[in-house]
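> A single structure is presented below for examination.
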Amino acid sequence: MEGQTVVTSDDHKLGTVIAERDDCVIIETGHVFKTKHAIPREFLHEVGGSMRATVTKDVVDDSPKVDLDHWDCSTVRLHYGLDGPFEVDPDPNGPETAETDQRRAGQTPAPETRLGVQEGQSRPGYDTPAVRERQANAADPTGVTANLE
């Protein structure tokens with residue numbers, strides 16, 4: 001594997017493989033100012049005599065530089081998102097919505113309130129509309145209709 005060329009997913013030449021340690025491949029990049037970076041083996045595939053990385057050049061360039069004598073594979077794996085904290089659902093009660101916020105505040109969520117009004121339940125603090133026999137007549141000069149209270 002040493003001496004193979006590493007090419008990124010966006011067809012940029014990264015560098016040459018110089019070593020393989022702790023399930024990581026160490027490559028040397030650059031022409032004048034050479035740096036060493038490690039790429040986890042999970043992101044590399046051998047294709048036609050060269051190694052193809054499934055990550056872009058920017059991801060590799062942003063990864064921690066490697067010293068062959070003293071280096072930590074866990075920091076490299078953390079950079080690539082393979083190790084470290086993994087949070088499936090930050091809220092065990094479900095997704096953050098306006099309804100969950102209202103329930104936590106002890107209020108009835110708006111959809112349930114609307115449903116209650118449609119079913120004939122009154123909302124606390126609100127009067128239900130009065131049902132009248134007929135509407136007031138706008139043409140009545142006194143403004144009073146006999147059936148209205």
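The values are calculated or read from the model by the stated rules, or taken from the named source; none is laboratory data. What you are looking at is a predicted structure, and each value in this text was computed from that prediction instead of being measured. Here Cβ is always computed from backbone atoms with ideal geometry, including for glycine, and neighbour counts include all displayed protein chains.
> Under the condition of being under 20 Å from residue 41 (Cα atoms) and at pLDDT below 80, which residue from the range 80-96 is surrounded by the most Cβ atoms within 10 Å (Cβ to Cβ)? Show your work before the answer.
Quick first cut of the range 80-96, residues under 20 Å from residue 41 (Cα atoms) only: 80-84.
Checking which are at pLDDT below 80 leaves us with 83-84.
Details: 83: 14, 84: 11.
By that ranking, first place goes to 83.
> Return the residues of the range 1-49 that are of a type in the set (Gly, Ala, Ser), more than 17 Å from residue 68 (Cα to Cα) and in contact (Cβ under 8 Å) with a residue 24 or more places away in the chain; say none if nothing qualifies. Walk me through how you get there before you give the answer.
First, pick out the residues of the range 1-49 that are of a type in the set (Gly, Ala, Ser): 3, 9, 15, 19, 30, 38, 48-49.
From the residues that got through so far, the ones that are more than 17 Å from residue 68 (Cα to Cα) too are 9, 48-49.
Correct list: 9, 49.
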